[in-house]
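Below you'll find the structure, written out as structure tokens, and then a few comments.
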Amino acid sequence: MTVSAPPADFDSRFAAARKVADAVLFEGYVLYPYRASAAKNRLRWQFGVLVPPAWGADSGEHAFQRTQCLMEPRAEAALLVELRFLHAQRRVVQELRVDGSYATVPRLDLPDRVLTPWDEGVEERVQFSVPVSELGAEKREFAFSRPAREETEDVRDQAGRHVGLLLRRREEVRGVVRLAAEDLPGPYAVRRLTAVVENTGGWAPGPQGADREEALPHALVSAHLVLGLSAGSFLSMADPPEWAKEATAQCANLRTWPVLAGADGRRDVVLSAPIILEDHPAIAPESPGALYDALEIDEILALRTSALTEQEKREARGTDARAAEVIDLADTMPPEVLERLHGAVRSLREITGPPAPSGPATPSGASSALASDLASDLPSDLPSDLDISPDSLDALMDPGKPWWDPESDRSVDPATDRVVIDGKDVGAGSRVRLRPGLRRSDAQDLFLLGCDAHVEAVLHDVDGGVHLAVTVEGDPGADIRREQGRFLYFQPDEVTPLEDA
């Protein structure tokens, strides 16, 4: 196989995908409150971890991931491959003693930071390209390795005095990227690409076994692929053309998921990540920088981080350079940047209409104009009884009116409405037994399986669905829930009626 160095436009072609790939690479790297001492930062590296095969067999971890997707390469096209992962680097803290020797310590307090042992993540990239015409059904291999390495860093206090050392060690990691492609039958020039990333390291646990912490320095962490075609395009796995749906469904992806990630909607780049994304993912333009705890909301993280005590910030700054950047970002974020994090609406579009009449307009007049514009802009196949009258929009135009007035529709009343379940009439005051799990219930619902509850209200949504607001029998907070109107909600097929007390 002809393996070539990356072409000159390699970086520019992958630039858009890398912005998202960076977020994948460091997903969960260090979690709020960004201190090594926090319990949530003691179990790390949760995504895309490929461990040495000798340890993965009995650990529940895996040594490889597999990507399969469809591509339409043009003649003479080259497949561009970039494997990215983190190499765990173990950091040890040593303190300088009076006699000039060094002692390994669990923490080293400095005026501006607190240094503790920690595993840092060093970004690694493996890049190459290969002609698509040379890929066949038999897998071709590209092996790579990263050698063991040790580094020492002097630790100095704010006065510049030498007070200790940071010792960093990386273990050797080895792996292989296996590529194959096969033509699919039919009138289209489509090929199924298979790309397997595997850890082939020879490290193995000793006779007494080993825990995950010992295996991680030999693992490929947050491993993911960025694939590109120098000429041609990939097909979407989520929304393929009709003729390719069956072939797409036959692609078998293990521990990774490929999405289109080319710039400006182009289809020549795929990001295959251990986190499920949509096609053409993007970082929100409002995001001020990497916060690493990406499952949280930027606004909440920024506010909570800025509210940490000075001692907590010292510990975070000493935990990791990236954690220190988060602390500095939160401390220096201007109010206008923080305000942007409160939310953004991206789906509104302008509705134009005739110019507004001169002179002061009444709310009813404004509603009439808006209703006319809306009616002319809506699809023609909406239900004929859809009400877009001026009266129905007055409440939206007048902030003094409630968004919903119970007196405006006496056909529904949560306190008196009833619903028939298993032949029994159920409403406010009825007793039911909860049996979630018939639909995609969340974990909190499943904890209530088999519990008895009181129905507080029967609610109807705009789609015609019925929901039961309930409180659980024996819940000491039931009175507070009733006072605040904060109930648990289940659908009729998720409960069994009981005899009322």
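When segment 147-160 is filtered for residues that are in a loop (DSSP other than H, G, I, E, B), touching a strand residue (DSSP E or B) at 6+ places or on another chain (Cβ under 9 Å) and open to solvent by 40 Å² or more (accessible area, probe 1.4 Å), the ones remaining, listed by number, are Pro147, Ala148. Answer with yes or no whether Trp55 is closer than 30 Å to Trp203 by Cβ, in contact with a Pro (Cβ under 6 Å, 6 or more places away or on another chain) and open to solvent by 10 Å² or more (accessible area, probe 1.4 Å). So Trp55 passes the test.
Would you check if Asp452 is on the phi > 0 side of the Ramachandran plot, touching a residue at least 24 places away in the same chain (Cβ under 8 Å) and not small (Gly, Ala, Ser)? For Asp452, the condition - on the phi > 0 side of the Ramachandran plot, touching a residue at least 24 places away in the same chain (Cβ under 8 Å) and not small (Gly, Ala, Ser) - is not met.
Looking across Ala189, Ala244, Ala180, one residue alone is under 30 Å from Pro73 (Cα atoms), of a type in the set (A, V, I, L, M) and either without any contact (Cβ under 8 Å) to a residue 40 or more places away in the chain or touching a Lys or Arg at 6+ places or on another chain (Cβ under 7 Å) (or both). It is Ala180. Against the list (1) open to solvent by 30 Å² or more (accessible area, probe 1.4 Å); (2) hydrophobic (A, V, I, L, M, F, W, C); (3) touching a His at 6+ places or on another chain (Cβ under 8 Å); (4) assigned to a strand (DSSP E or B), the condition Leu167 fails is (3).
Select from segment 69-126 the residues that are basic (Lys, Arg) and assigned to a strand (DSSP E or B) and write down the one among them that is surrounded by the fewest Cβ atoms within 10 Å (Cβ to Cβ).
Per the criteria, the residue is Arg125.
For segment 204-241, taking the residues that are free of Cβ contacts under 8 Å to residues at least 24 places away in the same chain and part of a loop (DSSP other than H, G, I, E, B), the one that is least open to solvent (accessible area, probe 1.4 Å) is identified as Pro241.
Filtering segment 319-349 to residues that are touching a Ser or Thr at 6+ places or on another chain (Cβ under 9 Å) and either farther than 17 Å from Ala290 by Cα or assigned to a loop (DSSP other than H, G, I, E, B) (or both) leaves Met333, Leu341. With respect to the conditions (1) in a strand (DSSP E or B); (2) surrounded by fewer than 17 Cβ atoms within 10 Å (Cβ to Cβ), Gln46 falls short on a single one, namely (1). Among the residues making up segment 459-475, those that are modelled with pLDDT of 90 or more and either open to solvent by 100 Å² or more (accessible area, probe 1.4 Å) or in a strand (DSSP E or B) (or both) are Leu459, Val466, His467, Leu468, Ala469, Val470, Thr471, Val472. Residues in segment 254-275 that are out of contact with any helix residue (DSSP H, G or I) (no Cβ under 9 Å at 6 or more places or on another chain), assigned to a loop (DSSP other than H, G, I, E, B) and either surrounded by fewer than 16 Cβ atoms within 10 Å (Cβ to Cβ) or hydroxyl-bearing (Ser, Thr, Tyr) (or both): Thr256 alone.
The values are calculated or read from the model by the stated rules, or taken from the named source; none is laboratory data. Everything numeric in this text was worked out from a predicted model, so none of it was measured. Don't worry about glycine lacking a Cβ; one is built from the backbone with ideal geometry, like all the others, and counts go over all protein chains shown. Accessible surface is based on the protein model in full, side chains and every heavy atom, while ligands, DNA and RNA are left aside. Shrake-Rupley method; radii C 1.70, N 1.55, O 1.52, S 1.80 Å.
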